[in-house]
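**Q** Here you go, one structure.
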Amino acid sequence: MFTAILQGAPTWVWFLLAALIALGLSQSFPRTMTVRRATIVPVVLVVFSLVGVTSTFRGDALAVVAWAVALAAVASLSVGLGVWRGIAWSDATQQLKVPGSWWPLVLIVGLFITKFAVGATLAIQPAHAHEPMFAATVGAVYGAFSGMFFSRGLAMWKVAHASLTRLSQQSA
């Protein structure tokens, strides 16, 4: 059955997976980025995640609450534990210096696998979309992934904000 599910997936899904893996691999190298990009990308991912949960479960309050709680918990925990260490600000370029990390690849592939499994499950058993425990579990898992992506953006924003505040105080 598992092989049939994989073979039945549209071809574009595998191209998407390849593109996502390439994106994740690109995150393993150090790079610089603007504060705007560091802020916009996580916000867009959170919005897409919320839209995914609400459309999959037709706005089921339990799924949305589970998503929100997991997002907040994981984001808070990640930032508090300093999961995204090593982010620095360059005064010279006014950009963030972000170290390479394998975590984005792990998160991207993990999210892809989760979305694929949920899609396959709902294609085989559409009634699961109306089961509160399934909706809450999937909502929480999507929220946890969103929380990790959001925490990375938040960590970058905090570094930039602290540096820019320091610079403005020095010039005052």
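Where a number appears in this text, it was derived from the coordinates with a stated rule and is not lab data. Because the structure is a prediction, the values reported are computed rather than measured. Glycine also receives a Cβ, built like all others from the backbone with ideal geometry; neighbour counts cover every protein chain displayed.
**Q** Could you pull out the trypsin sites (Lys or Arg not before Pro) across region 40-101 that fall in loop regions by DSSP (anything but H, G, I, E, B) with no more than 12 other Cβ atoms inside 10 Å?
**A** Arg58, Arg85
**Q** Based only on other Cβ atoms within 10 Å, what is the fewest-to-most ordering of Thr165, Thr39?
**A** Ordered from fewest to most neighbouring Cβ atoms within 10 Å, Thr165, Thr39 come out as Thr165, Thr39.
**Q** Sticking with this one: Tell me, what ³J(HN,Hα) does each residue in region 134-143 have, in order and in whole Hz, if you take phi through Karplus 6.51 cos²θ - 1.76 cosθ + 1.60 with θ = phi - 60° and put x for Gly and Pro?
**A** Per-residue couplings from phi come out as 5, 4, 5, 5, 5, x, 5, 5, 4, x Hz.
**Q** What chymotrypsin sites (Phe, Trp or Tyr not before Pro) does region 94-172 have in DSSP loop regions with at most 12 other beta carbons within 10 Å?
**A** Those that pass, being in a loop and sparsely packed, are Trp102.
**Q** Now a separate question. Gaussian network model of the chain, Cα springs within a sub-10 Å range: biggest mean-square fluctuation belongs to which of Ala117, Ala160, Ala68?
**A** Maximum fluctuation in the GNM of the chain, among the listed residues, is at Ala117.
**Q** Just one of (1) 56, 27, 22; (2) 44, 33, 33; (3) 63, 33, 23 is Cα extents along the principal axes in Å calculated from these coordinates, so which is it?
**A** (3)
**Q** Around Trp89, which amide H atoms from residues at least 5 apart in sequence, or from another chain, sit under 5 Å from its own amide H, with H modelled in the peptide plane?
**A** Lys97
**Q** When the Karplus curve 6.51 cos²θ - 1.76 cosθ + 1.60 is applied with θ = phi - 60°, which whole-Hz ³J(HN,Hα) does each residue of region 34-49 get, with x for Gly and Pro?
**A** 3J(HN,Hα) across region 34-49, in whole Hz: 6, 5, 4, 5, 5, 8, 5, 4, x, 5, 4, 5, 5, 4, 4, 5.
**Q** Once both labels are modelled 7 Å past Cα along the beta-carbon direction, what's the Arg166-Leu81 spacing in nm?
**A** About 2.6 nm separates the two model spin labels.
**Q** Calculate one ³J(HN,Hα) per residue across region 85-91 by plugging θ = phi - 60° into the Karplus curve 6.51 cos²θ - 1.76 cosθ + 1.60, and present them in order as whole Hz with x for glycine and proline.
**A** With coefficients 6.51, -1.76 and 1.60, one gets 5, x, 6, 9, 10, 9, 5 Hz.
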